[in-house]
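Read through the structure below, which is laid out as structure tokens, and then see the notes.
Derivation of every value follows stated rules applied to the coordinates shown; laboratory data play no part. In this text, all values refer to a predicted model and were calculated from it rather than measured experimentally. Don't worry about glycine lacking a Cβ; one is built from the backbone with ideal geometry, like all the others, and counts go over all protein chains shown.
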Amino acid sequence: MPQCPNCGAYVSPHDKVCSYCGAPNPAYQPPADDVNLLLQQGMDAFQQHQYAVAVDRYRQALDRDPDIFDAYFYLAASLSALGREKEAIAAMKKAREIRPGNASVDYNLGVLYKNLGQAREARAYLESARMKAGTDPALEDRKRMTKTIERELKALPSL
Ligand SMILES: [Zn+2]
């Protein structure tokens, strides 16, 4: 299993840096051309709100190559936009396996569980997101993300 040489976390062969510590991935390889084409078609469809088409393209991309974070992340977002929250959660959890240090994934899982009325799971993922927001190297605005997470946490019904 590919590991970050700096911190030991899982790193996808298609990620340039570790999702926990941001160290460069020496084993990085870009996805194949046919997969890149499907990813592009998926993103085009997503941006045009054609979510069913996006789901189809991302699933095809993942059939060819299961290590692509963006494919799972936007597959989950597309499924959620179609009201298919449970499938969205399953896809987002796969994205989480690929980038375990990513705060946005845990945030999105928290919101998906909230939408399903599962406050306990929502809280667990939002708390995890708040922790990762302190270290996630992909975050451009740590403070803003932390605030967003805390607003969601406050809005959850207390158990
Ligand atoms: Zn690392």
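For the stretch 59-114, just say rounded, prolate or oblate: build the C-alpha gyration tensor, square-root its eigenvalues into a ≥ b ≥ c, call rounded for a/c under 1.5, and beyond that prolate if a/b exceeds b/c, oblate if not. It is oblate, given that a/c is not under 1.5 and a/b is not larger than b/c. Adding -39500 (n - 2.57) for every DSSP H run of four residues or longer, then dividing by how many residues the chain holds, sets the calculated 222 nm ellipticity at -19500 deg cm²/dmol. When the Cα gyration tensor is reduced to axis lengths a ≥ b ≥ c, the ratio a/c is 1.5 or higher for the stretch 89-135, and with a/b not above b/c it is classed as oblate.
A straight line joining the Cα centroids of the stretch 87-123 and the stretch 10-63 runs 18 Å.
Ranked by the mean number of other Cβ atoms within 10 Å of their residues, highest first, the peptides 13-20, 55-62 fall in the order 55-62, 13-20. Taking a Cβ cut-off of under 13 Å around A91, the surrounding Lys, Arg, Asp and Glu residues balance to a net charge of +2, with basic ones at +1 and acidic ones at -1. Take the convex hull of the alpha carbons in the chain; its mean projected area over all directions comes to 9.3 nm².
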